[in-house]
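Chemist: One structure coming up, written as structure tokens, with questions to follow.
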Amino acid sequence: MSMDMNGAQSLAQTLVNCGVELCFANPGTSEMHFVAALDSITAMRPVLCLFEGVATGAADGYARIAGKPAATLLHLGPGLANGLANLHNARRAASPIVNVVGDHATYHLQYDAPLTSDIAGFARPVSSWIHRSRAANEVANDAARAVQAARAAPGGIATLILPADTAWNLAGGAAQPLADIRPGTVAGDTIESVAKLLSNGKRTVMLLRGAALIGDGLEAAGRIAAKTGARLMCDTFAPHSELGAGRVPVERIPYFPEQIAGAFASTEQAVLVGSKPPVAFFAYPGKPSWCAPETCKFVYLAHPNEDGAKALQSLADALGAPPAALVRTPLKLPASPTGALNTMTAAQIIARETPDNAIFADESATSALPLLMMLAFARPHTHLPLAGGSIGQGLPLAVGAALAAPDRKVICPHGDGGAAYTLQALWTMARENLDVTTVIYANRSYAILNIELQRVGASAVGSKALSLLDLHNPEMNWVQIAKGFGVEASRAESVEEFTAQYTSAMNQRGPRLIEIMV
Ligand SMILES: Cc1ncc(C[n+]2csc(CCOP(=O)(O)OP(=O)(O)O)c2C)c(N)n1
């Protein structure tokens, strides 16, 4: 059988051999042989997405939860370009993804047919690896290298360009996986010098990200905090964190630069574990971009491509830290709220009613603050925020997370503005019957931009300017939008309505959307 495979089949089978079993797809003519290959390579599960930004964002969500790449199938340059914003977010999250981008047959490119474009040019800024297959019998090995590149620590985006004739011509068979490029081991000297630093009595922050923020890494950080009094912190948009009751508590860096400066004001030294020094998300006239005190010394324990979790364990041992963290987050569920439905009472309801071990694909924007405050002491959960600031990621992220963890409840709290970018994700939720509860914060506004308009010091703001930040005219009806895509939906205007609707969503499986009027 294997000798009769075409390039597309050898690609699909190689991906499966390498543990890539899911493909978020939006195909076209140039990808038809890959599409056809899915009926012979049955271990590859295709998931149709109606917009490429959904496919790429879903691949990110899948990678963050599964810890391994999914593939995307994208239609030439324009298909890839439609997916770029969420590939940007995925790159910021260091999520492994294998993009398969179809192209014209090799001999067809010379004619400059309408869909011809600079695919590698589109791919370059977001990809850690790009390759164009030259011949069908090379596709399998190209695919194995693509997966190896995507999986290489800390995780990257590999883009394999597949000319149509390399897909339809006969290939030699599938390839086996290549060895993983593991994270580098932090040198003993580094562990020792950081151990010394942590014993010098200065006020220290440990800034955690990646593997340092979950599982054994986080536990080891908790041991170090117990021994040294170091403050554990993480980025505002750390791509993957484990929060809630029983976990080692980590302070999240606030969003605005003056708040970051406040949080770091007394910090004398900072140890970076898979992270970078804190900077302002944006520059503002007259305000600093660098948010730590000039005198604060930054030291790397582990770079993102190094094994931060293991480094923390070695460091904890070197310090003679206790065998387990001493401080753990207590479970403090809010009382059932009364009064008006707003971002705070909504957060209380969500924190109170969400079951153990849920995943939050969070793009709640200006509604995030009360939500994170309430979730901090809620049942243990996983938090996946917008990692690269490009809005329209929450819904796709939820799709990918739900496919990676079908037994876990996925909650998607989302701004109405951001949700409108990739609302086609709702259709995939319905089609795949994903257990996702979406909560749309219908504030009918780009609220954050109203705040930013003041902050950047824009003068003489009038109705024309404000109209660009206002979503009232016309009002989106998220209940109708969701129903139109096949998702059960309802609107909540009061605390009582939201409590009833959210509780019922938690007690059933499958996709739901609740539009809350806040
Ligand atoms: C791709 C992209 N386009 C535009 C923006 C600028 N932007 C940032 S937040 C925002 C509005 C978000 O509105 P919404 O999701 O309703 O949340 P809210 O601010 O109202 O809480 C926009 C347009 C962005 N970050 N990314």
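Chemist: Are any residues in the stretch 476-505 in contact (Cβ under 8 Å) with a residue 60 or more places away in the chain and over 19 Å from Met344 (Cα atoms), and if so, which ones?
Modeler: Selection gives Met476, Trp478, Phe485, Gly486, Val487, Ala505.
Chemist: Right, something else. State whether the residues of the stretch 177-186 include one that is among the hydroxyl-bearing types (Ser, Thr, Tyr) and out of contact with any strand residue (DSSP E or B) (no Cβ under 6 Å at 6 or more places or on another chain).
Modeler: Yes.
Chemist: Quick one: would you say Ala123 is modelled with pLDDT of 95 or more, buried (at least 19 other Cβ atoms within 10 Å of the Cβ) and touching a strand residue (DSSP E or B) at 6+ places or on another chain (Cβ under 8 Å)?
Modeler: Yes.
Chemist: Please go through the stretch 48-88 and give me each residue that is farther than 20 Å from Ala150 by Cα, away from the ligand (no atom under 16 Å from the Cβ) and under 20 Å from the mean Cα position of the chain (by Cα), ordered by number.
Modeler: The answer is Leu48, Cys49, Leu50.
Chemist: Against the definition (under 14 Å from Val518 (Cα atoms), more than 16 Å from the ligand (Cβ to nearest atom) and hydrophobic (A, V, I, L, M, F, W, C)), how does Val495 come out, yes or no?
Modeler: Values: under 14 Å from Val518 (Cα atoms): yes; more than 16 Å from the ligand (Cβ to nearest atom): yes; hydrophobic (A, V, I, L, M, F, W, C): yes.
Yes: the conditions hold for Val495.
Chemist: Going through Asn473, Asn450 one at a time, which residue ends up being outside any loop (DSSP other than H, G, I, E, B), within 16 Å of the ligand (Cβ to nearest atom) and surrounded by fewer than 18 Cβ atoms within 10 Å (Cβ to Cβ)?
Modeler: None of the other options fit; the residue is Asn450.
Chemist: Starting from residues that are of a type in the set (Phe, Trp, Tyr) and in a helix (DSSP H, G or I), keep the ones in the stretch 32-85 and report whichever is farthest from Asp362 (Cα to Cα).
Modeler: Phe34
Chemist: Under the condition of being out of contact with any Ser or Thr (no Cβ under 8 Å at 6 or more places or on another chain) and among the hydroxyl-bearing types (Ser, Thr, Tyr), which residue from the stretch 476-518 is surrounded by the fewest Cβ atoms within 10 Å (Cβ to Cβ)?
Modeler: Thr503
Residue-wise test of (1) in contact with a helix residue (DSSP H, G or I) (Cβ under 6 Å, 6 or more places away or on another chain); (2) modelled with pLDDT of 95 or more; (3) under 19 Å from Gly61 (Cβ atoms); (4) surrounded by 19 or more Cβ atoms within 10 Å (Cβ to Cβ).
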position	(1), (2), (3), (4)
Ile349	yes, yes, no, yes
Thr354	no, yes, yes, yes
Glu363	yes, yes, yes, yes
Met373	no, yes, no, no
Pro385	no, yes, yes, yes
Pro396	yes, yes, yes, yes
Val399	yes, yes, yes, yes
Ala404	yes, yes, yes, yes
Arg408	no, yes, yes, no
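Chemist: Considering the stretch 427-447 alone, what residues qualify as being in contact (Cβ under 8 Å) with a residue 40 or more places away in the chain, over 20 Å from Phe498 (Cα atoms) and either aromatic (Phe, Trp, Tyr) or more than 8 Å from the ligand (Cβ to nearest atom) (or both)?
Modeler: Selection gives Trp427, Thr428, Met429, Ala430, Arg431, Glu432, Asn433, Leu434.
Chemist: Here's something else I'd like to know. Here is a list: Val16, Val20. Which entry is assigned to a helix (DSSP H, G or I), modelled with pLDDT of 95 or more and at negative phi? First the steps, then the outcome.
Modeler: Working: Val20 fails: assigned to a helix (DSSP H, G or I).
None of the other options fit; the residue is Val16.
Chemist: Still on this structure, please answer the following. Starting from residues that are among the hydrophobic types (A, V, I, L, M, F, W, C) and assigned to a helix (DSSP H, G or I), keep the ones in the stretch 86-116 and report whichever is nearest to Trp168 (Cα to Cα). Let's see the steps before the verdict.
Modeler: Initial filter on the stretch 86-116 (among the hydrophobic types (A, V, I, L, M, F, W, C)): 87, 90, 93-94, 97-98, 100-101, 105, 109, 113, 115.
Cutting the leftovers down to assigned to a helix (DSSP H, G or I) gives us 87, 90, 109.
Working: Leu87: 28, Ala90: 30, Leu109: 16 Å.
It comes out as Leu109.
Chemist: Which of the residues belonging to the stretch 89-120 are within 9 Å of Thr56 (Cβ to Cβ) and within 16 Å of the ligand (Cβ to nearest atom)?
Modeler: Asn89, Ala90
Chemist: Kindly evaluate Val456 against the criterion of being away from the ligand (no atom under 16 Å from the Cβ) and either surrounded by fewer than 16 Cβ atoms within 10 Å (Cβ to Cβ) or more than 26 Å from the chain's Cα centre (by Cα) (or both).
Modeler: no
Chemist: Does Leu333 count as part of a loop (DSSP other than H, G, I, E, B) and out of contact with any Gly (no Cβ under 9 Å at 6 or more places or on another chain)?
Modeler: Values: part of a loop (DSSP other than H, G, I, E, B): yes; out of contact with any Gly (no Cβ under 9 Å at 6 or more places or on another chain): yes.
Judged against the criteria, Leu333 is a match.
Chemist: What do you reckon, is Ala346 farther than 18 Å from Leu426 by Cα, touching a residue at least 60 places away in the same chain (Cβ under 8 Å), within 16 Å of the ligand (Cβ to nearest atom) and not acidic (Asp, Glu)?
Modeler: For Ala346, the condition - farther than 18 Å from Leu426 by Cα, touching a residue at least 60 places away in the same chain (Cβ under 8 Å), within 16 Å of the ligand (Cβ to nearest atom) and not acidic (Asp, Glu) - is met.
The values are calculated or read from the model by the stated rules, or taken from the named source; none is laboratory data. As the structure is a prediction and not an experimental result, all values here were calculated from the model. Every residue, glycine as well, gets a Cβ built from its backbone with ideal geometry; the counts of neighbours run over all protein chains shown.
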